[in-house]
1. If a residue counts only when it is closer than 26 Å to Val138 by Cα and among the small types (Gly, Ala, Ser), which helices (runs of 4 or more DSSP H) contained entirely in region 163-245 have at least 1 such residues?
2. Of the residues Gly89, Gly64, Gly17, Gly44, only one is under 20 Å from Val138 (Cα atoms), modelled with pLDDT under 80 and not acidic (Asp, Glu); which?
3. So which of Ala118, Ala55 is of a type outside the set (Ser, Thr, Tyr) and closer than 30 Å to Ile245 by Cβ?
4. Return the total of residues in region 95-105 being surrounded by fewer than 16 Cβ atoms within 10 Å (Cβ to Cβ), on the phi < 0 side of the Ramachandran plot and in contact (Cβ under 8 Å) with a residue 24 or more places away in the chain.
5. When you scan region 194-210, how many residues do you find that are out of contact with any Lys or Arg (no Cβ under 9 Å at 6 or more places or on another chain) and more than 30 Å from Ile256 (Cα to Cα)?
6. Could you check how many residues of region 253-285 are surrounded by 11 or more Cβ atoms within 10 Å (Cβ to Cβ) and modelled with pLDDT of 85 or more?
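The values are calculated or read from the model by the stated rules, or taken from the named source; none is laboratory data. Predicted model, so just to flag it, every value in this text is computed and none were measured. Glycine also receives a Cβ, built like all others from the backbone with ideal geometry; neighbour counts cover every protein chain displayed.
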Amino acid sequence: MNMHWPLVLAQAAQNQGNWAWMVVGIAVGVIFLLVLLVLLHKYGKLWFRAYMSNAKVSPWSLIGMSLRQVNANLIVDAKVMAMQAGIPGISTRRLEAHYLAGGNVLGVVKAIIAAHRADIDLDFDRAAAIDLAGRDVVDAVQTSVHPKVIDCPDPKRSGKTTLSAIARNGVELKIRARVTVRTNIQQLIGGATEDTVIARVGEGIITAIGSADSHLEVMESPEVISKAVLARGLDAQTAFEIVSIDIADIDVGENIGARLQADQAEADMRVARAKAEERRALAAAHEQEMKAKVQENRAMVLLAEAAVPRAMANAFRQGNLHAVNVDGGTNGNPGH
């Protein structure tokens with residue numbers, strides 16, 4: 001009997017080891033089941049929605065999005081939206097990259113869908129670049145489909161309601177124009193904004209009116225101004241394409257030419273008065289100089305008259321001058 005105890009003990013120890021491994025296996029299985037349940041609860045509906053929409057988003061991609069701090073719901077919504085609209089080629093990685101770059105993922109996808117429906121060439125890379133450049137890509141596509149009208153000048157930007165231009169005859173015209181533009185998708189990145197378009201159109205209108213001989217020509221045919229402005233290609237290097245320029249209102253202002261001529265005449269009269277006053281002052285100064293010279297000459301005459309008696313006295317004293325008789329003889333020595 002004593003010889004069987006070691007075998008019994010060994011078998012008992014072996015059974016205890018098996019139970020320990022069994023408990024560990026059960027614990028690992030329970031943990032794995034719990035993790036699986038958590039993942040199913042968190043990503044199950046999302047994955048199933050993507051699967052049913054043929055969006056092809058794997059569960060591991062959803063887990064990786066969470067680890068990369070990417071909004072998985074947003075990415076799946078964008079992917080499903082693109083697939084339902086029939087736009088292939090937008091991968092999950094590209095959507096994640098645009099999200100991590102700070103872009104508006106849903107806005108980009110909506111813009112691509114709208115462009116696709118409107119038969120506008122817009123791929124994901126260009127739409128993402130436009131979005132990251134700070135432009136509203138959805139508004140750009142909408143403006144490309146439905147042109148918008150901007151005022152020239154824009155009261156909100158400049159505070160002015162009309163443009164002031166002067167024809168060659170000097171008459172001022174106050175004009176308000178309306179510019180119809182649509183977005184140029186190809187030049188949206190790096191293209192000039194609405195402010196540049198408004199400034200160019202205003203400059204073109206002022207130049208065209210300034211080239212007219214009379215303001216009556218402009219008022220009779222405003223479309224001539226519009227055609228002249230459109231022919232200059234003012235939408236070059238801008239994010240917009242000018243569809244039309246319409247003169248909404250024309251008012252006659254002041255006769256700037258007449259006023260300038262009157263101001264010039266007044267200025268000329270003032271110059272003439274100044275020159276006449278200058279000549280009068282010079283004449284008065286010359287008169288005073290002549291009077292001073294007369295007084296000076298009189299003084300010199302008086303000095304000369306005063307010197308005559310002195311000279312005569314000196315002559316008598318020196319014997320160079322003698323008294324003369326009436327008959328022509330001299331007193332004293334006849335030899336003198």
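1. In region 163-245, the matching helices (runs of 4 or more DSSP H) lie at 194-211.
2. None of the others qualify; the one that does is Gly89.
3. Step by step, each of Ala118, Ala55 is checked, and only Ala118 is of a type outside the set (Ser, Thr, Tyr) and closer than 30 Å to Ile245 by Cβ.
4. First pass over region 95-105, keeping only residues surrounded by fewer than 16 Cβ atoms within 10 Å (Cβ to Cβ): 97, 100-102.
Restricting the remaining residues to those that are on the phi < 0 side of the Ramachandran plot gives 97, 100-101.
Filter again for in contact (Cβ under 8 Å) with a residue 24 or more places away in the chain, leaving 100-101.
The total comes to 2.
5. So the count comes out to 0.
6. Qualifying residue count for the region: 0.
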